[in-house]
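The values are calculated or read from the model by the stated rules, or taken from the named source; none is laboratory data. Computed from a predicted structure; not experimentally measured. With ideal geometry, Cβ positions are generated from the backbone for all residues, glycine too; neighbour counts draw on all protein chains shown.
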Amino acid sequence: MRVWIDADACPRAARDLVVKFALKRGFEVVLVAGQPVARPNFACVRLIVVPSGPDAADDHLVEHAEPGDLVICSDVPLADRLVKKGVAALDPRGRGFDERNMGERLAVRNLFTDLREQGQIGGGQAPYGEKDRQAFANALDRLLAALNRRP
């Protein structure tokens, strides 16, 4: 099993937590980014910098992640592509993506995008805090256990 991280958008605290789990449980972590990012200096962590371009990192993740792997990403359309391929996906705030919730997650994402474009709302997500990190750690622990039980 591998855990892939969309490293361009993943908070450092979440990346560090995945590495901590990897060191304990013995799995590989692959950071995929469109630009160089800091890579923890552990043998279980690899960094792949893809050529810049729209969706280059997303395309790499979809092409290379396999069923049984986990991808950490905030990008709802990317998660939709992964889930359709049978790859588990989790956002850095501990919210999982699956077949049951993808329609709703895409609809909410599209609604907020439209509202932002119309100037009716502004900004993005709140800063990543300790509550987010703890929710992510709990969800990551549960999901890794479930993936390890799969045949």
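Below, the figures for the structure above:
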quantity: Some residue of the range 141-151 being modelled with pLDDT of 95 or more and under 22 Å from Val32 (Cβ atoms); calculated: yes
quantity: Verdict on Ala22 being under 24 Å from Lys131 (Cβ atoms), under 11 Å from the mean Cα position of the chain (by Cα) and touching a residue at least 12 places away in the same chain (Cβ under 8 Å); calculated: no
quantity: Residue selected from the range 28-45 under the condition part of a loop (DSSP other than H, G, I, E, B), in contact (Cβ under 8 Å) with a residue 12 or more places away in the chain and over 20 Å from Arg133 (Cβ atoms), by the criterion nearest to the chain's Cα centre (by Cα); calculated: Gly34
quantity: Sole residue being modelled with pLDDT of 75 or more, in contact with an Asp or Glu (Cβ under 6 Å, 6 or more places away or on another chain) and closer than 16 Å to Ser74 by Cβ, chosen from Arg93, Arg133; calculated: Arg93
quantity: Ile48 vs. criteria without any contact (Cβ under 8 Å) to a residue 24 or more places away in the chain and in a strand (DSSP E or B); calculated: yes
quantity: Test: residue in the range 95-108 that is of a type in the set (A, V, I, L, M, F, W, C), farther than 26 Å from Glu130 by Cβ and exposed (fewer than 12 other Cβ atoms within 10 Å of the Cβ); calculated: yes
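Here's the yes/no breakdown for (1) under 18 Å from Leu144 (Cα atoms); (2) touching a Leu at 6+ places or on another chain (Cβ under 8 Å):
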site	(1), (2)
Ala57	no, no
His60	no, no
His64	no, no
Cys73	yes, yes
Val76	no, yes
Asp80	no, yes
Lys84	no, no
Leu106	no, no
Asp114	no, no
